[in-house]
1. Rg over Rh of the range 242-297, using C-alpha atoms and the Kirkwood radius, what does it come to?
2. Positive end of the charge dipole of the chain (Lys, Arg +1 and Asp, Glu -1 on Cβ, about the Cα centre): tell me which of ALA204, PRO142, THR256 has its Cα farthest that way.
3. Past 22 Å, Cα to Cα: identify those pairs from LYS179/LYS207; LYS74/LYS254; LYS183/LYS246, in the order given.
4. Work out the length of the dipole vector of the range 123-249 about its Cα centre, built from +1 on the beta-carbon of each Lys and Arg and -1 on the beta-carbon of each Asp and Glu, and round it to the nearest 20 debye.
5. Using amide H atoms built 1.01 Å from N in the peptide plane, name the residues 5+ places from GLY232, or on other chains, whose amide H lies under 5 Å from its own.
6. In debye, nearest 20, what is the charge dipole magnitude of the range 66-134 about its Cα centre with +1 on Lys and Arg Cβ and -1 on Asp and Glu Cβ, if you could check?
7. Can you tell me the order of 85-93, 27-35 when each peptide is scored by its average per-residue count of other Cβ atoms within 10 angstrom, highest first?
8. Would you look at the GNM of the chain, springs on alpha carbons closer than 10 Å, and say which of ILE106, ILE115, ILE147 moves the most?
Amino acid sequence: MEKIIDIICVGEVLIDFIGHEVNTSINRTKDYHRFLGGSPTNVAVNASRLGLKSALIATCGQDGLGEYIVRKLKENNVSTTQVKKLEGVPTSIILVSKSSGTPDFIPYREADYQIEQNQITDELLESAKIFHTTCFALSKDPARTTILEGAKRAKKLGLLTSIDINFSERIWPDREEAKVVLKEYLSTNPLVKLSEDDCYRLFAESKTEDFIFEYFHGLGASTICLTKGKDGVVLSNIDYGMFHQKALPIEDIKDTTGAGDAFWTGFLYAQLENKNLEVSITIAQRLAVLKLQNVGRLPEGINFKDYLNIES
């Protein structure tokens, strides 16, 4: 079957209510602005903005926020055929503090994890190149079982799998259960993105780069990107070894929410363009910088191919 979809994103779709005041706790935040959110959702929208064909498999409520979600996805040319709207279950929301560092958040989860296996069809998988998800999405059933089975089917059909290990104990209190589920997903040899903060939360203590890479390579992942904020990115690949890339200079950070999703979208985009790992990291960093300079989604009016210097 012709590969007409570049990236299938499976997982949470929700509304981010991001605080209006910068570097203020949720306790002190007075006003919030509404944005389409959820890590897989951000990747799907970003991918479409870069000219890729993306599809989202997710669930929201049959309510005003659900209608807003579907409308915004369609405006961004994301395929919504597998976005389910549930009666009687409200759309999930997250209150987020606007921050130049790691933002604080409070999740109110309802519809987002109600993803059923009939939403991931063989026809859809056969038409795609990458199957992407998140640790957040794997934290609850039925989404967990649906995604694990979907990833295994995707692998058998020749898709590349991908995961953002955006672990948070507020979303997934049982760390040991999370490690077991991640082991099952990583058996598909996905491209892995995780941050130092993610690792600290997952292991409940600081770990060395060597430990982190040995641990996740041991679970089956060949390529791992560890983002380190102002200290750049370290990538480890089973065949090519490990290298460090410095952070790009940036002024006027306006909002960190979604920066990791922008980074990973850039990396997946570069991989689809058959770029080497170092160029892929550079492209990912450029997209993350653009997001850090804007609140909400990536800005309008950008020629992304020129901005990312995709020909380099």
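1. Working: Rg = 11.3 Å, Rh = 11.4 Å.
With Rh from the inverse mean 1/r over Cα pairs, Rg/Rh is 0.99.
2. It is THR256.
3. Details: LYS179/LYS207 15 Å; LYS74/LYS254 26 Å; LYS183/LYS246 30 Å.
Table pairs above 22 Å Cα-Cα are LYS74/LYS254; LYS183/LYS246.
4. Values: 17 positive and 19 negative charges, 55 e Å.
Computed charge dipole of the range 123-249: roughly 260 debye.
5. For GLY232, the qualifying residues are ALA247.
6. On the way: 8 positive and 10 negative charges, 65 e Å.
So the dipole magnitude of the range 66-134 works out to roughly 320 debye.
7. Numbers: 85-93: 17.0, 27-35: 12.8.
Most protected by this proxy first, the peptides run 85-93, 27-35.
8. Of ILE106, ILE115, ILE147, the most mobile in the Gaussian network model is ILE106.
The values are calculated or read from the model by the stated rules, or taken from the named source; none is laboratory data. Source: prediction; values computed, not measured. Note: ideal-geometry Cβ built from the backbone for every residue, glycine included; neighbour counts use all protein chains shown. Surface accessibility is based on the protein's heavy atoms, side chains included, excluding ligands, DNA and RNA. Shrake-Rupley method; radii C 1.70, N 1.55, O 1.52, S 1.80 Å.
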